[in-house]
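Take a look at the structure set out below.
The values are calculated or read from the model by the stated rules, or taken from the named source; none is laboratory data. These numbers were taken from a predicted model, which means no experiment stands behind them. FYI the Cβ positions are ideal-geometry reconstructions off the backbone, even for glycines, and counts take in every protein chain you see. Surface areas here come from the heavy atoms of the whole protein model, side chains and all, with no ligands, DNA or RNA. Shrake-Rupley method; radii C 1.70, N 1.55, O 1.52, S 1.80 Å.
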Amino acid sequence: MHFSFITLFPSLIEGYFSDSIMKRALDSGMISIDFCNPRDFTLDKHKKVDAPMVGGGAGMLLTPQPLVDAIRNEKRKCGDAHTILLTPVGKKFTHNDAVRLSKKAHIILVSGRYEGVDERVIESQIDEVFSIGDFILSGGELASLVLCDAIARNVKGVLGNEESLKEESFEEHLLEAPAFSKPDNFEDKSIISEFLKGNHSKITALKRELSLRKTQYFRPDLYKKVDKRHKNEK
Ligand code: ADE
């Protein structure tokens, strides 16, 4: 699967792929990435890529020409691309989107900067517009990394262990139960005793119950969606 990052600041993104799971995914060829900087495409003699909003408004907008030419350049390279713009005014990105998008062959992630992009770019070039949450970042670079990571870990082979994908939160709209590792006692705090007794069906039932309670407490919005079947299990 190929990811194209369209950004004025590729160095903000590159470092993320130099270690850990994303590096392994790149090295093994499960995913590939490239970068395209709209500034390399601007026809402006001063290399400008932004301009004030027409009709007034605070701040600068990315102008259409360099961005559209950069996107077209990436679309030409790989073909069959799905193009995504990251902006705080998009729909909220979810785990279901990550799973759905992991089936695509080529995703172009366009990072917004300044006050956003000219609406005509969205109309002519963008398939989906996503926000990663109700807060404002300085640009879309972090958000495009968030999408890339969340999508790539659903690509077959990237995690190595498909089971860990199955157990992950949100697959069934539940938060994961509290987890513990060694030692059994740490700074006077011990592990939930049932976890130490080795009765796996009891542990599974307890984890399920803790998952439900944790979801109810931290994410009442998710809890409302939890299948009635789960709630009636006990
Ligand atoms: N750019 C700035 N803030 C953002 C957000 N919350 N999500 C996606 N892109 C952004």
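Details
- The lone exception for VAL68 - which of (1) within 16 Å of the ligand (Cβ to nearest atom); (2) among the hydrophobic types (A, V, I, L, M, F, W, C); (3) more than 26 Å from LEU26 (Cα to Cα); (4) crowded, with 17+ Cβ neighbours inside 10 Å it fails: (1)
- Only one of ILE6, ILE21, ILE33, ILE108 that is crowded, with 16+ Cβ neighbours inside 10 Å, out of contact with any His (no Cβ under 9 Å at 6 or more places or on another chain) and not hydroxyl-bearing (Ser, Thr, Tyr): ILE6
- Selection of segment 130-147 for residues being more than 9 Å from the ligand (Cβ to nearest atom) and surrounded by fewer than 17 Cβ atoms within 10 Å (Cβ to Cβ) yields an empty set.
- The set of residues in segment 140-169 that are of a type in the set (Gly, Ala, Ser) and either modelled with pLDDT under 95 or more than 25 Å from PRO52 (Cα to Cα) (or both) comprises ALA150, ALA152, GLY157, GLY160, SER164, SER169.
- Looking across segment 85-129 at every residue that is within 15 Å of the ligand (Cβ to nearest atom) and of a type in the set (D, E, K, R), the one that is modelled with the lowest pLDDT is identified as ARG113.
- Look at segment 89-118: where a residue is among the aliphatic types (A, V, I, L, M) and a partner is part of a loop (DSSP other than H, G, I, E, B) and more than 16 Å from the ligand (Cβ to nearest atom), sitting 6+ places away or on another chain with Cβ atoms under 6 Å, you get ALA98/ASN154; VAL99/ASN154; ALA105/ASP80.
- Pair list, Cβ under 8 Å, 6 or more apart: segment 124-141 residue over 14 Å from VAL89 (Cα atoms), other residue open to solvent by 10 Å² or more (accessible area, probe 1.4 Å) and more than 6 Å from the ligand (Cβ to nearest atom): SER124/VAL68; GLN125/VAL68; GLN125/ARG72; ASP127/HIS82; GLU141/PHE9; GLU141/LEU12
- Positions within segment 120-166 being of a type in the set (Lys, Arg) and assigned to a helix (DSSP H, G or I), in sequence order: ARG120, LYS166
- Scoring LEU174 on the criteria (1) touching a His at 6+ places or on another chain (Cβ under 9 Å); (2) within 30 Å of LEU210 (Cβ to Cβ); (3) within 15 Å of the ligand (Cβ to nearest atom) leaves a single failure, condition (3).
- Take the conditions (1) modelled with pLDDT under 95; (2) closer than 14 Å to LEU8 by Cβ; (3) more than 20 Å from the chain's Cα centre (by Cα); LYS77 misses just one of them, which is (2).
- LYS23 being closer than 26 Å to GLY157 by Cα and among the basic types (Lys, Arg): yes
- Checked against the criterion of being touching a Ser or Thr at 6+ places or on another chain (Cβ under 8 Å), among the β-branched types (Val, Ile, Thr) and part of a helix (DSSP H, G or I), the candidates ILE33, ILE108, ILE21, ILE13 yield just one match: ILE13.
- Scope segment 199-234; condition at pLDDT below 95 and more than 33 Å from the chain's Cα centre (by Cα); matching residues: LYS234
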